[in-house]
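Below is one structure; the comments refer to it alone.
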Amino acid sequence: LMPFGDRGDESAERPDADRQPVADPGPSLPSAPTGSLATPSPSASATPSAESTPKPENPGPEDPDPEPQGTHSASAAPATTARGEPAACRADYDVVNEWPDGFQATVTVTTRDPLDSWRVGFTFPDGQRVTQMWDASSDQDGTRVTATAADYNRSVAAGGKLAFGFLASRDGTNHPPSGFTLNGRTCAPV
């Protein structure tokens, strides 16, 4: 994207021209033309009108280091459940390695509240079976898996993370689990 009234050949002639980054939410001002530049055509207005200049809906303090588009930060609004309630946690599932009849995965859960102990539940969609788990003990009833805290990692501060890993067997497809819960309360997927 080019700032208002700028053409690609002009930027090559003026590499040191002051410009705002494209992600900056503030209005973009046109560059001052130099004597050696041609006058832009009437269709390319160098002065944006108030009607065509986008304005942010909720202007806030400018962030000197904005996040790249498509990412999120910890200051984002908390995730909610299907009923619109704040989620008790956020669950991140990651397949570390995979082979024809098994795989290794990790689960990292960020809790909203402080915990004295924890149980994380999730459901496998393709009949996967946990064969070994570390940093938690596992129990599996059909497709539902429950990971329970070890003695050394039971306590987690508000906003803190808990994590565990496991090996599992599979037969064919290996879709990620769903229905993550923390102590029986719904977690939002990451």
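Give the residues of the stretch 84-116 whose amide nitrogen is closer than 12 Å to a point set 7 Å from the Cα of Arg185 in the direction of its Cβ. Residues 85-90, 111-116 fall inside that zone. Residues in the stretch 89-132 average 49 Å² of solvent-accessible surface per residue, probe 1.4 Å, ligands and nucleic acids excluded.
The values are calculated or read from the model by the stated rules, or taken from the named source; none is laboratory data. Values in this document were obtained by computation on a predicted structure and should not be read as measured data. Cβ sites come from the backbone with ideal geometry, for glycine too, and all protein chains shown count toward neighbours. Heads up: the accessible areas ignore ligands, DNA and RNA and are worked out on the full protein's heavy atoms, side chains in. Shrake-Rupley method; radii C 1.70, N 1.55, O 1.52, S 1.80 Å.
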